[in-house]
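Peer 1: Can you keep this structure in mind? I'll have questions shortly.
Please treat every number below as a calculation from the coordinates, not as lab data. These numbers come from a predicted model, not from an experiment. All Cβ positions, even for glycine, are placed from backbone atoms using ideal geometry, and neighbour counts span all protein chains on display.
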Amino acid sequence: MSKKKDLQPYWRPNVRIVETLPDIKVVRTDFIINFIAVSLVVITGVYLLQREYRVFALSRSISNLEQQINVSNADNNKNLKLNQRFFEAANYVLELQSFYSAPFRPYHLIAELTQSKPEEMRFTKLSLSESVATKGKTVSFNINIRCEVPDLTVLNSFKSILAESTLLKPEGYTATIVESFQAKNVQTGFFPCSVSVVIKPIDEKSKKDKK
Amino acid sequence: MFTPKNKGLFVDVSEFSILAARTSSYKLPIVIEEIGELPLAGTSNEEVRQFLEELVDYKGATYFVSRCGVYPENRFVRYFEAESVNKAKDPQYLTNVLESEFEVDPANSFVSILDARDGSDLDFESAVTRKIAFCGGSNEDLQKTQDTLLGYGLYPDRMELGSVSTLGGLCDYTRFNSINSPILFFELTSEAATIFIQSKGQLEVARPIPVGLDSIYPILQRELGLKDESSARKLFFSNTFDFAEMGSKLMRKVIKELQASAGFYEVQTGQTIDRLFISILPKNLSWVAKTISDALGLEIMQPSYEAWLNSLNVKVSEGVELMNLGSRWMGLFSLMGEYHLREEVTSE
Amino acid sequence: MAGNSIVDKLKRYPLALLSLVCWIAIAIVIFLRGDALGNLESKENELSSSLRLVEGNAVSSKDLESQVERLEKDVEAIENRLFKKERRAINTDYLYSFEEDHDILIREVKLSEAEDSNHKKGGPNELKIKSAIVYNVSLTGGYQSFMEYIYSLYKSDAFIRIADLDITGTKNSGTESSLQAKLRILVLSEKE
């Protein structure tokens, strides 16, 4: 009365009565099923408790924080106003800084030039001007000196003095010195000459490129 | 996947003794690692368990999963030849046959219907045989037997009728050894006896005879003038008395039945039975086989197990000696054979 | 049939069944609670970062009040020293007044309408809240007096600086040479 799929070995029908056999495997299955079920509940329960505890802790922490923020809000508003006042006032100072932005004072420059010139040299004209380069928003300073020298070596030595001068090369600036001279004035015996100095801010970009 | 660490335990439990074998596992191929025998005579469950624990490690468990051959009192194996293949496929017809011819109550019994030619389960849809073997036992009896096994600490992974598995073993043995002449297989126990005749691995006769060992004790009592049957029984099983002379007297009824069946078979088929196979009976009753074989003029079969088992993928480890084990061990070893595998091989 | 067998199986594992019920209950609670935790976490983060900000403000505002007061006093002083554009005469007069302290002759002080390109809107040193008034000044005087004059321009109450300068010397031999100078000066003033 059995079919092929539950084929018995030939000549060997199994006559045991399964229903009344002690279920030795089920004892283990029972344990495993219960163990898994209980573990699942315990794990999920612990997870839930942990979450709820965290919710509780967070709620407490939030109300604490809110209280603290409430308390400090008045102070904070005062601080913010102070801060605003500070920046407004500081702008005045910054404005003054912008106004006096030149790297040197003209009286220092004139004093430096007149004091460093060789004794044999005579200045006939001295001019100082600012020029604004719209591209790059920079300000350069041009110094033009017209002078007379008895000897061209004097002009050279003046030029090298200027090249050494720290005042002409403030930090962040570079100075270009160009001199020229004319034929000797027979009447005075001096060579009319001119020296021009251009003090330019160092181009940050080109500086970087060089590096 | 898993290599089974659990050993196999095969047990043949008859009323006389317990034969047991520990194997490497249940899944073929297996190796018989140890065998043992415990004669049963008022033996307690604890003693049986002790015997089994010497064979296998229970690892503290209550039961050891085992494969058992059993001989319940009301077991039955009946051969039936239907008039047609179609009738043999009709469950209702077969049920009627069981009830009317073999007095088996299908409602309260476990019944297995086998193809008598090879022992396979009868498939009602595709069966093409008229030769059928009914086997089984009453539910009550099987339950009692199963409870006995559990009492020994044996958890039956399989519980098989020893009579049928022995028959199967014998049939397969016959095929393996190409024995072409029919064999008379006689199973004798206290309350029942069955005559089987198998030829070339096919069952051709299975018939109960209304005698058992119990019916011999009154004769013995009378012959020897003993005061009661129980002392006759004691004497019968003791090793002290030589029954060789008295054997034919004691077994007269049995021999008559056997002669009748064998004669009928031989006349019907024209084949001559020349071998006798007797299962179960313990060593001290070896005179029974001798008496019958002398009376019927048959040769007693002494199976040589090792080669046969080898062919069934059952190896025998070195320390185990099967050489001198008699035919009563067939019941145990036949529990290990998967004969359908051999069928497939030979049919290809 | 199938339903019954499931019920039968469940009946075999009462503990597992109880666990299953508990588990479902817990799962429902977790589901219903939904994202409460996430919301609270983000709210807490938000609040603690604003508290940190407030605390940071408090730390950086330490002594700020006195600094602001000092600075505002300075600002007030600066305000007082600025030229008021509309007071043209007073402004010009102020620039002439340097003559009194130095041995120089201020020939002309002329208000220029041209904006200084350095400080105008978009210039390199743009003035945002004030503006620069441009004056062209021409004068004569000795070298020493001239130097003192330009020094005093920078030290005066008004915020004055020289943008361009042109000096020509005459050739008076013997005595101190006399200089003619043209200056373009810038004076910080209130924005119009």
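Peer 1: So how much slack lies between C:Lys182 and C:Ser138, counting 0.36 nm per residue of separation and subtracting their Cα-Cα distance, in nm? Write down the numbers at each step before the final one.
Peer 2: Working: separation 44, 0.36 × 44 = 15.84 nm, distance 0.43 nm.
Difference between extended and current length: 15.4 nm.
Peer 1: Right, something else. Got the relative contact order for chain B handy, in percent, Cα pairs under 8 Å and 6 or more residues apart?
Peer 2: Reported relative contact order: 19 percent.
Peer 1: Compute the distance from the alpha-carbon center of region A:147-182 to that of region B:52-104, in whole Å.
Peer 2: That distance is 129 Å.
Peer 1: Specify whether the C-alpha gyration tensor of region B:129-243 places it in the rounded, prolate or oblate class, a ≥ b ≥ c being the square roots of the eigenvalues: rounded for a/c under 1.5, otherwise prolate if a/b is larger than b/c and oblate if not.
Peer 2: Cα axes put region B:129-243 in the oblate bin.
Peer 1: On to the next question. Calculated FRET efficiency, A:Thr20 and B:Ala107, Cβ-Cβ r, R0 25 Å, to nearest 0.05?
Peer 2: 0.90
Peer 1: Please identify which residues in region C:12-53 have an amide N closer than 19 Å to a label point set 7 Å out from the Cα of A:Val42, following the Cα→Cβ vector.
Peer 2: Counting backbone N atoms under 19 Å from the label point, the list is C:14-27.
Peer 1: A further question follows. Starting from the Cα of A:Phe56, move 7 Å in the Cα-to-Cβ direction to define the label point; list residues of region C:19-61 whose amide nitrogen is under 13 Å from there.
Peer 2: none
Peer 1: May I pose another question? Which of C:Glu113, C:Glu148, C:Glu41 ends up with the largest GNM mean-square fluctuation for chain C, with Cα atoms connected below 10 Å?
Peer 2: C:Glu41
Peer 1: Which value in nm describes the separation of the simple spin-label points at A:Glu88 and B:Lys249, placed 7 Å from the Cα toward the beta carbon?
Peer 2: Simple spin-label model gives 14.5 nm for this pair.
Peer 1: Follow-up. Within 10 Å of each residue's Cβ, count the other Cβ atoms and sort A:Phe190, B:Phe64 from fewest upward.
Peer 2: Working: A:Phe190 19, B:Phe64 24.
The order, fewest Cβ neighbours first, is A:Phe190, B:Phe64.
Peer 1: If we sort B:126-137, B:25-36, A:163-174 on the protection proxy, mean other Cβ atoms within 10 Å, highest first, what's the order?
Peer 2: Details: B:126-137: 19.4, B:25-36: 16.4, A:163-174: 13.9.
Result, highest mean Cβ count within 10 Å first: B:126-137, B:25-36, A:163-174.
Peer 1: A further question on this structure: Over region B:191-327, what portion of Cα pair distances is larger than 17 Å, expressed as a whole percent?
Peer 2: So the pairs more than 17 Å apart make up 67 percent of the total in region B:191-327.
Peer 1: Once you place label points 7 Å from the Cα toward the Cβ at B:Lys315 and A:Ser165, how far apart are they in nm?
Peer 2: Distance between label points: 11.2 nm.
Peer 1: Next up: Sum up the charges of everything whose Cβ sits under 15 Å from the Cβ of C:Leu47, counting Lys and Arg as +1 and Asp and Glu as -1, but leave C:Leu47 out.
Peer 2: Result for the local shell: -2.
Peer 1: Once you've got the Cα coordinates, tell me which of C:Lys121/C:Lys191; C:Lys110/C:Lys191; B:Lys7/B:Lys144; B:Lys59/C:Lys9; C:Lys73/C:Lys191 are over 22 Å apart.
Peer 2: The pairs that break the limit, which is 22 Å between Cα atoms, are B:Lys7/B:Lys144; B:Lys59/C:Lys9.
Peer 1: Here's something else I'd like to know. Given contacts defined as C-alpha pairs under 8 Å and at least six residues apart, what's the relative contact order of chain A, whole-number percent? Walk me through the numbers before you get to the answer.
Peer 2: Numbers: 171 pairs, mean separation 29.3, N = 211.
Dividing the mean separation by the residue count of chain A yields 14 percent.
Peer 1: B:Leu224 to B:Lys290: FRET efficiency via 1/(1 + (r/R0)^6), r the Cβ-Cβ distance, R0 25 Å, to the nearest 0.05?
Peer 2: With R0 = 25 Å, the Cβ-Cβ based efficiency is 0.80.
Peer 1: Determine the distance separating the Cα centre of region B:245-309 from the Cα centre of region C:56-123; give it in Å without decimals.
Peer 2: 143 Å
Peer 1: Rounded, prolate or oblate: which fits the protein assembly as shown, taking a ≥ b ≥ c as square roots of the Cα gyration tensor eigenvalues, rounded meaning a/c under 1.5, else prolate when a/b beats b/c?
Peer 2: Prolate.
Peer 1: Please turn the phi angles of region A:142-148 into ³J(HN,Hα) values with the Karplus equation 6.51 cos²θ - 1.76 cosθ + 1.60 (θ = phi - 60°), one per residue in order, whole Hz, x for glycine and proline.
Peer 2: Those phi angles translate into 10, 10, 10, 10, 9, 8, 9 Hz.
Peer 1: Check which residues have an amide H placed less than 5 Å from A:Ser165's amide H, if you skip close sequence neighbours.
Peer 2: none
Peer 1: Moving to a separate point now. Once amide H atoms are built 1.01 Å from N in the peptide plane, which residues 5 or more positions from B:Glu299, or in another chain, come under 5 Å H to H?
Peer 2: Residues meeting the amide H criterion: B:Arg275, B:Leu276.
Peer 1: Related question: Each residue of region C:30-42 in order: what ³J(HN,Hα) in whole Hz does its phi give by Karplus 6.51 cos²θ - 1.76 cosθ + 1.60, θ = phi - 60°, with x for Gly and Pro?
Peer 2: 4, 5, 5, 5, x, 9, 3, 5, x, 4, 4, 4, 5
Peer 1: Cα centroids of region B:114-143 and region A:62-94: how far apart, whole angstrom?
Peer 2: 100 Å
Peer 1: Specify the residue with the greatest mean-square fluctuation among B:Thr145, B:Thr166, B:Thr272, computed from a Gaussian network of chain B linking alpha-carbon atoms under 10 Å apart.
Peer 2: B:Thr272
Peer 1: With each run of n ≥ 4 DSSP H residues scored as -39500 (n - 2.57), what mean residue ellipticity at 222 nm is computed for the protein assembly as shown after dividing by its residue count and rounding to the nearest 500 deg cm²/dmol? Write out the running numbers ahead of the final one.
Peer 2: Details: 24 runs with 333 residues, N = 751.
Per the formula, -14500 deg cm²/dmol.
Peer 1: Calculate one ³J(HN,Hα) per residue across region B:113-120 by plugging θ = phi - 60° into the Karplus curve 6.51 cos²θ - 1.76 cosθ + 1.60, and present them in order as whole Hz with x for glycine and proline.
Peer 2: So the J values, rounded to whole Hz, are 10, 10, 6, 5, 7, 9, x, 6.
Peer 1: Classify region B:1-79: rounded, prolate or oblate, from the alpha-carbon gyration tensor (a ≥ b ≥ c, eigenvalue square roots; a/c under 1.5 rounded; otherwise prolate if a/b is larger than b/c)? Provide the component values of the computation, followed by the final result.
Peer 2: Values: a/c = 2.13, a/b = 1.31, b/c = 1.62.
Oblate.
Peer 1: If you stretched the chain out fully between B:Asn324 and B:Ser215, how much longer would it get, using 0.36 nm times the residue separation minus the C-alpha to C-alpha distance?
Peer 2: That works out to 36.2 nm of additional length.
Peer 1: Roughly what would the spin-label model give for C:Lys84 and B:Lys59, points 7 Å off Cα along C-beta, in nm?
Peer 2: Simple spin-label model gives 10.9 nm for this pair.
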